[in-house]
Each structure stands twice: as structure tokens, then as C-alpha cells.
1. Evaluate the Debye formula for the range 63-127 with equal point scatterers sitting on the alpha carbons, no solvent, and hand back log10 of I(q)/I(0) at q = 0.18, 0.20, 0.21 Å⁻¹, in q order, two decimals.
2. Report the residue, chosen from Ser98, Ser68, Ser113, that carries the largest GNM mean-square fluctuation when the chain is represented by alpha-carbon nodes joined by springs under 10 Å.
3. Taking P(r) over Cα pairs in 10 Å bins from 0, in percent as the quantity of interest, determine which of [x] 9, 33, 34, 18, 5, 1, 0; [y] 12, 45, 37, 6; [z] 9, 37, 37, 15, 2, 0 was computed from the displayed structure.
4. Roughly how many percent of the accessible protein surface of the chain is carbon and sulfur, given a 1.4 Å probe and a whole-percent answer?
5. Let me have the 222 nm mean residue ellipticity of the chain computed from DSSP H runs of 4+ only, each contributing -39500 (n - 2.57), with the sum over all residues rounded to the nearest 500.
6. For the range 101-116, just list the computed ³J(HN,Hα) in residue order, Karplus coefficients 6.51, -1.76 and 1.60, θ = phi - 60°, integers in Hz, with x standing in for Gly and Pro.
7. Could you identify which residue out of Leu46, Leu73, Leu64 has the top mean-square fluctuation in a GNM of the chain using Cα springs shorter than 10 Å?
8. If I build a Gaussian network model for the chain, linking alpha-carbon pairs within less than 10 angstrom, which residue out of Gly156, Gly119, Gly60 has the largest mean-square fluctuation?
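The values are calculated or read from the model by the stated rules, or taken from the named source; none is laboratory data. For clarity, every value in this text was computed on a predicted model and none was experimentally measured. Side chains included, ligands, DNA and RNA excluded: accessible areas come from the protein's heavy atoms. Shrake-Rupley method; radii C 1.70, N 1.55, O 1.52, S 1.80 Å.
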Amino acid sequence: SSWEIEGREARVRFRIPQLELTRLPWGIVAAPRFAAELGRYLTDGLRLEAGGVPCPVIDGPRALAAPSERALLEWRVRCPPEGALVIVSDLMREVAPSHLHFARLRAPDGRISERVLAGAERGWPLPRPEAPSAEPSAGSSVLRYVTLGIEHIATGYDHLVFLLGLLLLAS
């Protein structure tokens, strides 16, 4: 997902392979139409919260033009003036528990940050605009990605069987 934050509003763009959407009961997205249930699932599962309360959707969601093998959806949210902002992803957990969600944030000053939301770390607390950080976020460091990759391989039996097969072929 891509997030553009302006004050207490955000524009969310969500990209996903159509193949991944077949895991859900609402199926494929064909812009400009898609199942309303899928829109509710996405806006409930991928949300911006202010002080632990989901920020309401003020526009969308709607499907945008995308290559046939991918879906692109967009919506806008507006948060109340109080409460720390947190991006939260609960998407695909019921059909793919090891799902990784890559979130990209564009701050009003143009800075880009990225974070992987997975496992127990499904929330990304956003820095307050009055206290910008010059350091990259912990979720975007190379070490974090390597650790996440090892966890992903170790928790997927199909990955472990593949590695075992490679070891057997190598010997």
C-alpha cells in the first residue's frame, strides 16, 4: 500500500496481484467495478487509526486502471484531530497467516518511509509532523528485511521442503 498523509487525511492506494485476490470470496477486480464486499474488507483490514480508533473513509474505495494481472484500489480517510496515527494491516490473515504487507508512506515534506507489516508487528506508528526523524524507520532497514525473510522461510513448510529438496539435489 502507498499512503500520502496531509495533516489528518490520507490517500491510500492498494496494489495486489489478481491471483492473491482469488483467495478471498469476492474474486477478481475489473476496473472500474469490483465487489462492494471487497471494498469493505480492504478498508476495514487496512486502515489508519487515530488513538486506536479507525479513521472513517471519506471517499472510495474505487478500482483504478491497472495491468490485467494486478488490481489497484484507492480510498481517502480523515482522522479526528486528536490521537497518534498508526497504519494497521489485518489483510489476508485468515487465508494467508504468513502474509507480508509492504507499506510506503510519503510525508507532506516529500520524505518516503517503508515498513513491512507482518506477524505480531501489524501496526506502524507514524511520527508526529512536529517531531520529524532523520533516521530511517526500523522497519525499512536491511537487517529487518533479512530477519523477516528468515522468519518467512522458517514458518512456511513449503519453503522448508524446497530448501530440503535443494540440499538433496546438491548432494
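1. -0.92, -1.08, -1.14
2. In this elastic network of the chain, the residue with the biggest mean-square fluctuation among Ser98, Ser68, Ser113 is Ser68.
3. [x]
4. Values: 6190 of 10100 Å².
With neighbouring chains kept in place, the figure for the chain is 61 percent.
5. Values: 4 runs with 41 residues, N = 171.
For the chain, the value works out to -7000 deg cm²/dmol.
6. The phi angles translate into 10, 9, 10, 10, 10, 10, 6, x, 7, x, 5, 10, 10, 10, 8, 9 Hz.
7. Sorting by GNM fluctuation, first place goes to Leu64.
8. Gly156
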